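Asker: Mind having a look at this structure? Questions to follow.
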Amino acid sequence: MAQGKIGVTTENIFPVIKTFLYSDHDIFIRELVANAVDATQKVKALASSGELKEELGDLNIEIKIDKDAKTITIIDKGIGMTAEEIDNYINQIAFSSAGEFLEKYKDQIGNIIGHFGLGFYSSFMVSKKVEIDSLSWKEGANAVKWECDGNPEYNMSEGSRSERGTTITLWLDDDSSEFADENKIESLLSKYCKFMPIPIVFGKEKEWKDGKYEDTDKNHIINNCEPLWTRKPSELKDEDYLNFYKELYPMSDEPLFHIHLNVDYPFNLTGILYFPKVKDKLELSRNKIQLYCNQMFVTDSVENIVPEFMTLLHGVIDSPDIPLNVSRSYLQSDANVKKISGYITRKVTDKLEEIARDKKEEFESKWDDLKLFLEYGMITDEKFSEKVVKFALFKNTDGKYFNFEDYRKVIETEQTNKDGKVVYLYTTNPVAQYQYIEIAKNKGYDVLIMDCPLDAHYVGLLEQKIENSLFARVDSDTIDALISKENKEELKLSDDEKKKLQEQMEVLLPKENKYEVKMDNLGLNASAIIITQSEFMRRYRDMAAVGGGGMNFYNEMPIIYNITINADSPVIAKIKESEEGISADNKLLKQLTDLALLANGMLKGKELADFIRRSEELMN
């Protein structure tokens with residue numbers, strides 16, 4: 001037996017390893033399996049070159065656990081190691097690399113992407129003792145065993161392996177006994193090793209027999225060694241992409257469509273991105289893109305690798321050219337990452353443009369599920385916005401779709417105001433704002449549906465992108481104020497009547513809100529009293545509600561309602577001529593006021609009960 005001391009100057013390196021990556025200490029399984037995969041791929045390369053004379057045989061990597069002994073064992077049939085190689089790579093180089101990694105990132109480990117670098121020594125995060133038993137592929141090599149109990153000292157002796165490869169056994173410490181659980185290890189293998197290129201065996205397949213699950217003779221292989229993104233698109237059908245999506249996201253709805261990424265210059269990148277149905281689930285949809293490095297899972301937090309809006313997509317990106325042991329802030333300035341980000345954005349944009357151009361009906365049918373993603377991209381990424389604005393769609397209340405250029409041609413004749421701006425009327429809720437939509441349509445105007453959470457931000461962007469445009473929610477003012485024309489009819493109310501109406505309305509309206517009362521000619525078919533909120537204030541409050549950065553003060557400002565009395569209304573004429581006249585005591589005026597409040601969800605409690613009672617009295 002040989003004894004020695006690991007080549008490290010810091011005596012307390014093992015306690016640091018144990019505690020340093022505590023929040024991510026389950027990565028030990030990935031690091032050890034990755035080493036086994038690497039050793040196996042190397043022996044395959046030796047066989048291909050003719051250096052390995054013996055048969056390759058079964059190259060499966062096997063993971064075993066012993067719950068009673070609290071051990072985990074990783075067995076490979078790779079190149080193995082000699083005593084000299086163990087001394088060199090385990091005692092010197094590997095440990096030195098782990099020490100350098102820990103020292104370099106000790107102040108920012110929570111912000112490191114990947115946590116690669118600890119390699120074999122990550123096993124000490126969960127173990128009180130680690131044993132290596134290895135037999136090199138080299139002719140005449142002897143098996144060698146290496147043992148270490150978490151101190152800088154180690155023991156080396158003759159090993160027991162008779163076949164080429166390496167066996168690593170971990171004796172779990174008391175704080176890590178959870179890893180001796182079959183379900184726990186399988187979930188970690190599924191997370192980190194699901195698509196590694198060498199078959200990984202974990203136990204046996206099970207079958208239901210006599211009221212319980214029993215092991216069969218068939219190995220349980222937990223990984224798919226040839227995931228779809230490693231294959232040529234020409235070999236695949238839409239069904240293949242759909243099945244792979246279900247493998248990645250078994251509980252999700254079917255995606256809208258996909259993009260297969262494959263580039264080897266000036267960087268290496270493969271992958272498949274899917275467009276999910278994104279409606280109002282902005283936060284829930286984030287972080288669904290999985291980053292891999294040579295088929296090994298790295299992270300699903302890719303916000304510094306792809307543009308922010310792309311985090312709403314689903315799928316897989318695999319690239320060895322994305323630096324892993326760096327801080328996330330460093331990624332933003334890395335040249336390869338910038339190129340990869342630009343490439344992905346371009347591929348996504350090209351795919352969308354292709355469908356919009358060549359499959360118009362399909363694009364329209366999927367627009368409602370796509371628009372939140374596209375709006376988010378246009379708001380947050382200027383380059384993306386410049387391209388998408390050419391094929392993005394509007395949808396009106398009749399369910400028809402238009403690109404921006406075509407829609408302008410539809411409305412510019414009727415909906416150009418006296419200042420030469422084309423007014424785009426929109427509704428955020430066609431049911432709740434029905435009366436305002438009908439008033440607009442009766443004037444010959446068209447109304448768009450803009451019911452996404454981001455539309456308050458989006459319309460502001462469109463006003464910048466579309467020349468001489470103005471967006472106005474259909475219930476933000478009277479229709480003649482929203483699209484003001486040169487010719488304005490004189491009001492059918494005297495100055496005295498206007499003054500009285502204003503004074504009495506202030507008496508009738510709830511005191512907790514602020515109001516501005518005005519009169520206008522809205523037509524015989526319009527309501528007698530209409531309540532609106534200004535486009536400016538409502539839009540900025542909506543923007544603040546969805547994260548308008550620095551705009552929260554708008555939510556703290558009092559809401560000012562615009563009360564417009566329709567001078568054309570026959571009911572207003574009836575009130576003027578009634579015995580009570582224009583007075584707060586006039587039941588009809590009170591009824592009209594409450595109807596307007598009710599239509600806007602502003603009539604509650606005692607006032608609502610009074611309204612119901614008064615309605616019954618008026619019907620008697």
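The values are calculated or read from the model by the stated rules, or taken from the named source; none is laboratory data. Source: prediction; values computed, not measured. All Cβ positions, glycine included, derive from the backbone under ideal geometry; neighbour counts span all protein chains shown.
Asker: Of the numbered conditions (1) of a type outside the set (A, V, I, L, M, F, W, C); (2) surrounded by 12 or more Cβ atoms within 10 Å (Cβ to Cβ); (3) closer than 28 Å to Glu131 by Cα, His260 fails exactly one; give the number of that condition.
Answerer: Status for His260: all satisfied but (3).
Asker: Given the structure, is Asn304 closer than 28 Å to Ile200 by Cα and either over 15 Å from the mean Cα position of the chain (by Cα) or polar (S, T, N, Q) (or both)? Full working, then the answer.
Answerer: Numbers: closer than 28 Å to Ile200 by Cα: no; either over 15 Å from the mean Cα position of the chain (by Cα) or polar (S, T, N, Q) (or both): yes.
No.
Residues checked against (1) within 30 Å of Leu524 (Cβ to Cβ); (2) small (Gly, Ala, Ser); (3) crowded, with 21+ Cβ neighbours inside 10 Å:
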| site | (1), (2), (3) |
| --- | --- |
| Ala432 | yes, yes, no |
| Ala440 | yes, yes, yes |
| Gly444 | yes, yes, no |
| Val447 | yes, no, yes |
| Leu454 | no, no, yes |
| Gly460 | no, yes, no |
| Glu463 | no, no, no |
| Ile466 | no, no, no |
| Ser469 | no, yes, no |
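Asker: Of all residues in the range 523-535, count the ones that are among the hydrophobic types (A, V, I, L, M, F, W, C) and outside any loop (DSSP other than H, G, I, E, B). Quick ask: steps written out before the conclusion?
Answerer: First, the residues of the range 523-535 that are among the hydrophobic types (A, V, I, L, M, F, W, C): 524, 526, 528-531.
If we keep only those that are outside any loop (DSSP other than H, G, I, E, B) as well, we get 529-531.
Number of matching residues: 3.
Asker: Another one. Report, by residue number, each residue of the range 144-191 that is within 24 Å of Asp68 (Cβ to Cβ) and aromatic (Phe, Trp, Tyr).
Answerer: Listed by number, the residues that qualify are Trp171, Phe179.
Asker: Take the residues in the range 277-301 that are among the polar types (S, T, N, Q) and assigned to a strand (DSSP E or B), then tell me which one is modelled with the highest pLDDT. Full working, then the answer.
Answerer: If we filter the range 277-301 for residues that are among the polar types (S, T, N, Q), which is where we start, we get 285, 287, 290, 294-295, 299, 301.
Filter again for assigned to a strand (DSSP E or B), leaving 290, 299.
On the way: Gln290: 92, Thr299: 83.
So, considering only residues that are among the polar types (S, T, N, Q) and assigned to a strand (DSSP E or B), the one modelled with the highest pLDDT is Gln290.
Asker: Of the conditions (1) touching a residue at least 60 places away in the same chain (Cβ under 8 Å); (2) within 12 Å of Ile86 (Cβ to Cβ); (3) buried (at least 19 other Cβ atoms within 10 Å of the Cβ), Lys145 fails just one. Which one is it?
Answerer: (1)
Asker: Considering only the range 576-620, state which residues are of a type in the set (Val, Ile, Thr) and crowded, with 18+ Cβ neighbours inside 10 Å. If you could, list the steps in order and put the result at the bottom.
Answerer: The first filter runs over the range 576-620 and keeps only residues of a type in the set (Val, Ile, Thr), leaving 582, 593, 612.
Matches in the range 576-620: Ile582, Thr593.
Asker: How many residues does the range 252-268 hold that are of a type in the set (Phe, Trp, Tyr) and assigned to a loop (DSSP other than H, G, I, E, B)?
Answerer: Residues of the range 252-268 of a type in the set (Phe, Trp, Tyr): 257, 265, 267.
Okay, now just the ones that are also assigned to a loop (DSSP other than H, G, I, E, B), so 265, 267.
Within the range 252-268, residues that are of a type in the set (Phe, Trp, Tyr) and assigned to a loop (DSSP other than H, G, I, E, B) number 2.
Asker: Hey, which of the strands (runs of 3 or more DSSP E) in the range 369-465, taking only ones fully inside, have at least 2 residues that are of a type outside the set (Phe, Trp, Tyr) and outside the structural domain of Asn566 (by TED's automatic domain parsing)?
Answerer: Answer list for the range 369-465: 393-395, 422-427, 447-449.
Asker: Could you check how many residues of the range 47-78 are hydroxyl-bearing (Ser, Thr, Tyr) and crowded, with 18+ Cβ neighbours inside 10 Å? Walk me through how you get there before you give the answer.
Answerer: Step one: list which residues in the range 47-78 are hydroxyl-bearing (Ser, Thr, Tyr), which gives 48-49, 71, 73.
Checking which are crowded, with 18+ Cβ neighbours inside 10 Å leaves us with 71.
Going through the range 47-78 one residue at a time, the tally reaches 1.
Asker: Which of the residues spanning the range 473-522 are crowded, with 20+ Cβ neighbours inside 10 Å, part of a helix (DSSP H, G or I) and not assigned by TED's automatic domain parsing to the domain that holds Leu597?
Answerer: Within the range 473-522, Ile479, Leu482 qualify.
Asker: Assess whether Val33 counts as being within 18 Å of Val130 (Cα to Cα), surrounded by 20 or more Cβ atoms within 10 Å (Cβ to Cβ), β-branched (Val, Ile, Thr) and modelled with pLDDT of 65 or more.
Answerer: Values: within 18 Å of Val130 (Cα to Cα): yes; surrounded by 20 or more Cβ atoms within 10 Å (Cβ to Cβ): yes; β-branched (Val, Ile, Thr): yes; modelled with pLDDT of 65 or more: yes.
Yes.
Asker: Could you list, in sequence order, all residues of the range 302-320 that are charged (D, E, K, R) and either under 17 Å from Cys193 (Cα atoms) or at pLDDT 90 or above (or both)? Before the answer, list the steps.
Answerer: First pass over the range 302-320, keeping only residues charged (D, E, K, R): 303, 308, 318.
Hit for the range 302-320 is Asp318, nothing else.
Asker: Quick check on the range 600-620: of everything there that is in a loop (DSSP other than H, G, I, E, B) and under 44 Å from the mean Cα position of the chain (by Cα), which residue is farthest from Gln435 (Cα to Cα)?
Answerer: Residues of the range 600-620 in a loop (DSSP other than H, G, I, E, B): 600-604, 620.
From what's left, under 44 Å from the mean Cα position of the chain (by Cα): 600-604.
Working: Asn600: 11, Gly601: 14, Met602: 16, Leu603: 18, Lys604: 21 Å.
Restricting to residues being in a loop (DSSP other than H, G, I, E, B) and under 44 Å from the mean Cα position of the chain (by Cα), the top hit is Lys604.
Asker: Return yes or no: is Ile531 at pLDDT below 80 and closer than 19 Å to Gly601 by Cβ?
Answerer: Details: at pLDDT below 80: no; closer than 19 Å to Gly601 by Cβ: yes.
Here the answer is no, as Ile531 does not meet what is asked.
Asker: Residues Ile340, Ile355: which one is touching a Ser or Thr at 6+ places or on another chain (Cβ under 9 Å), of a type in the set (Val, Ile, Thr) and crowded, with 16+ Cβ neighbours inside 10 Å? It would help to see each step written out before you state the result.
Answerer: Working: Ile355 fails: touching a Ser or Thr at 6+ places or on another chain (Cβ under 9 Å).
That would be Ile340, the only listed residue that is touching a Ser or Thr at 6+ places or on another chain (Cβ under 9 Å), of a type in the set (Val, Ile, Thr) and crowded, with 16+ Cβ neighbours inside 10 Å.
Asker: Output the residues belonging to the range 119-147 that are under 14 Å from Tyr89 (Cβ atoms) and either out of contact with any Gly (no Cβ under 7 Å at 6 or more places or on another chain) or not assigned by TED's automatic domain parsing to the domain that holds Lys44 (or both).
Answerer: Step one: of the range 119-147, the residues under 14 Å from Tyr89 (Cβ atoms) are 119-121, 132, 134, 136, 144, 146.
Across the range 119-147, the qualifying residues are Gly119, Phe120, Tyr121, Ile132, Trp146.
Asker: Right, here's the next one. Can you name the residue in the range 172-204 that is farther than 26 Å from Arg231 by Cα and surrounded by 18 or more Cβ atoms within 10 Å (Cβ to Cβ) and, of all such residues, is nearest to the chain's Cα centre (by Cα)?
Answerer: Ile185
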